Amino acid sequence: MTIVPVSRTTSYISSCPALRDPSICRSDRFETARFLPNPALSMASSMLSLGSTSLLPREISKDKLKLGTSGSNPFLKAKSFSRVTMTVAVKPSRFEGITMAPPDPILGVSEAFKADTNEMKLNLGVGAYRTEELQPYVLNVVKKAENLMLERGDNKEYLPIEGLTAFNKATAELLFGAGHPVIKEQRVATIQGLSGTGSLRLAAALIERYFPGAKVVISSPTWGNHKNIFNDAKVPWSEYRYYDPKTIGLDFEGMIADIKEAPEGSFILLHGCAHNPTGIDPTPEQWVKIADVIQEKNHIPFFDVAYQGFASGSLDEDAASVRLFAERGMEFFVAQSYSKNLGLYAERIGAINVVCSSADAATRVKSQLKRIARPMYSNPPVHGARIVANVVGDATMFGEWKAEMEMMAGRIKTVRQELYDSLVSKDKSGKDWSFILKQIGMFSFTGLNKAQSDNMTNKWHVYMTKDGRISLAGLSMAKCEYLADAIIDSYHNVS
């Protein structure tokens, strides 16, 4: 630290114990000092750096200022005599320009829920399955797959950049069907990704690198992280109409019109099933029309499939939209996640699939996806990949998995029906609540605005996202009536 003389004073320098002892110090020999941070220098050596030993008491020699040497040190035996006022200047942080980031609109809901002590509180914000007792659920088939891994003594060696081969094969076959031409002809480039988010991010990087200027067109509304992903990858995006607040249903005409208006060759982001956040899916007939328009405009479909098997309870039914596009010979992207259908939330296991017109094109695309992944995270985690490969690769466990998916999907359907029944029985206004039954998957879009959603939380202790989305996976049968009371009050009494 550097000592800068400021003014003559009769005080002692209080920060140094040895310089406060009247037996060795004289008040007229020191100056008030301002200390500036300099971690390389001690105060004693800094005083010497002034170039004048006359500032020191006559009784102290230079060698006695060498701290840390053997022998007695008068600095360590000093007594307080008087005091001095000092100014300490702290060097500004190099990170002063970094502002505080806003809290995540979804994950922040859970933090607020944890802080609430009300016994009636409900966390309907985060999309994670809960039991009837509102506890996290680990699938039995997952436990079996993990036990198998322990029995075999599977190691923890690095995976290849593209991930576990057995997983990549299993995930593509689950998506398209084992006998589908795109599988047989090796026209799918598949690499393991860090769940759905990481898989989407890989695809976004590929778009930015090889389709410069191309726009991704996403539904309004959409999952909250979609925009973050494309912004981070520097991929421009726009929106197409999807949700109709008047009907709390699909604005199909607006959707088709906006896809037609998008620049030719745009990437159209589609939710394969159980649209997040609305729970509103196109009908099979509407999917055909969507495919027609995308082909006419030479767009590239980009599916986000986060709920295969978890929405309807059927792996095949929930993959119908993707298979429709594959049967037409279209080239497109599909991001997959196993967070919901296998409950592997923390394992971060998913995949990005790129359907190409030829095996040669698929090989080249895969090589570039690997090239992108290498500096991003090097290679993916192995644990979740082995769970998926074990479950899908064993006929018995695969059957057990499908049964557990049906159970989870069935519980959500039952809760959805109970909530609807409670709303109808309690609300005497004549409002049509049937939209709740028309939605699918773990979410329901209630139609509540931000003020009404705030009332749900502030008055009723129901935690949800501010767009009116609730996760029915976090609702129990026992709490349906309570939730119905909260919704009715918020809808009718809050403008």
Checklist entry - Is it the case that Val288 is farther than 25 Å from Gly410 by Cα, open to solvent by less than 10 Å² (accessible area, probe 1.4 Å) and at pLDDT 95 or above? => result no
Next on the checklist: Restricting to the stretch 453-483, give me the number of residues that are under 21 Å from Ser339 (Cα atoms) and open to solvent by 30 Å² or more (accessible area, probe 1.4 Å).
Outcome noted: 0
Item to check | Residue match in the stretch 118-130 (condition: of a type outside the set (Val, Ile, Thr), touching a His at 6+ places or on another chain (Cβ under 8 Å), surrounded by 11 or more Cβ atoms within 10 Å (Cβ to Cβ) and in a loop (DSSP other than H, G, I, E, B)) | outcome: yes
Checklist entry - Does at least one position in the stretch 351-371 carry a residue that is touching a helix residue (DSSP H, G or I) at 6+ places or on another chain (Cβ under 8 Å) and either free of Cβ contacts under 8 Å to residues at least 40 places away in the same chain or in a loop (DSSP other than H, G, I, E, B) (or both)? => result yes
Checklist entry - Say we look at the stretch 313-332 and pick out the residues that are under 22 Å from Phe230 (Cβ atoms) and in a loop (DSSP other than H, G, I, E, B); which of these is nearest to the chain's Cα centre (by Cα)? => result Glu331
Item to check | Test for Gly279: is it more than 25 Å from Glu185 (Cβ to Cβ) and in contact (Cβ under 8 Å) with a residue 60 or more places away in the chain | outcome: yes
Checklist entry - Taking the stretch 338-348 as the search range and keeping residues that are in contact (Cβ under 8 Å) with a residue 24 or more places away in the chain and in a helix (DSSP H, G or I), which one is nearest to Pro380 (Cα to Cα)? => result Glu347
Checklist entry - Hey, does the stretch 156-163 have a residue that's under 19 Å from Glu331 (Cα atoms), part of a loop (DSSP other than H, G, I, E, B) and open to solvent by 60 Å² or more (accessible area, probe 1.4 Å)? => result no
Item to check | Sole exception among (1) closer than 26 Å to Ala403 by Cβ; (2) in a helix (DSSP H, G or I); (3) open to solvent by 20 Å² or more (accessible area, probe 1.4 Å) for Leu134, by number | outcome: (2)
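Results for (1) open to solvent by 10 Å² or more (accessible area, probe 1.4 Å); (2) at pLDDT 95 or above; (3) closer than 23 Å to Ser444 by Cα; (4) among the hydroxyl-bearing types (Ser, Thr, Tyr), shown as yes or no for each residue.
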{"residue": "Val188", "(1), (2), (3), (4)": "yes, yes, no, no"}
{"residue": "Gln192", "(1), (2), (3), (4)": "no, yes, no, no"}
{"residue": "Ile207", "(1), (2), (3), (4)": "no, yes, no, no"}
{"residue": "Ile218", "(1), (2), (3), (4)": "no, yes, yes, no"}
{"residue": "Phe230", "(1), (2), (3), (4)": "no, yes, no, no"}
{"residue": "Trp237", "(1), (2), (3), (4)": "yes, yes, no, no"}
{"residue": "Tyr240", "(1), (2), (3), (4)": "no, yes, yes, yes"}
{"residue": "Thr247", "(1), (2), (3), (4)": "yes, no, yes, yes"}
{"residue": "Phe252", "(1), (2), (3), (4)": "yes, yes, yes, no"}
Checklist entry - Of (1) surrounded by 24 or more Cβ atoms within 10 Å (Cβ to Cβ); (2) at pLDDT 95 or above, Ala311 satisfies all except one. Which? => result (2)
Next on the checklist: Looking at the structure I just gave you, is Ala335 more than 23 Å from Gly447 (Cα to Cα), in a helix (DSSP H, G or I), open to solvent by less than 20 Å² (accessible area, probe 1.4 Å) and in contact (Cβ under 8 Å) with a residue 40 or more places away in the chain?
Outcome noted: no
Checklist entry - Checking Lys438 against (1) open to solvent by less than 60 Å² (accessible area, probe 1.4 Å); (2) within 21 Å of Thr222 (Cα to Cα), which single condition isn't satisfied? => result (1)
Next on the checklist: Arg364 - would you say it is of a type in the set (Lys, Arg) and surrounded by 16 or more Cβ atoms within 10 Å (Cβ to Cβ)?
Outcome noted: no
Item to check | Test set (1) loosely packed, with under 15 Cβ neighbours inside 10 Å; (2) closer than 20 Å to Val182 by Cα - Glu296 fails condition number | outcome: (2)
Item to check | Search result, residues across the stretch 97-117 that are surrounded by 13 or more Cβ atoms within 10 Å (Cβ to Cβ), within 16 Å of Asp454 (Cα to Cα) and either touching a Leu at 6+ places or on another chain (Cβ under 6 Å) or not hydroxyl-bearing (Ser, Thr, Tyr) (or both) | outcome: Pro105, Ile106, Gly108, Val109, Ala112, Phe113, Asp116
Checklist entry - Is it true that some residue in the stretch 256-279 is open to solvent by 20 Å² or more (accessible area, probe 1.4 Å) and in contact with a Pro (Cβ under 8 Å, 6 or more places away or on another chain)? => result no
Checklist entry - Residue check, Lys450 against (1) surrounded by 17 or more Cβ atoms within 10 Å (Cβ to Cβ); (2) under 28 Å from Ser220 (Cα atoms), all met but one. Which one? => result (1)
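The values are calculated or read from the model by the stated rules, or taken from the named source; none is laboratory data. Here the structure is a predicted model, which means the values were calculated and not measured. Glycine gets a Cβ as well: all are built from the backbone with ideal geometry, and neighbour counts include every protein chain shown. The accessibility values were calculated without ligands, DNA or RNA, using every heavy atom of the protein model including side chains. Shrake-Rupley method; radii C 1.70, N 1.55, O 1.52, S 1.80 Å.
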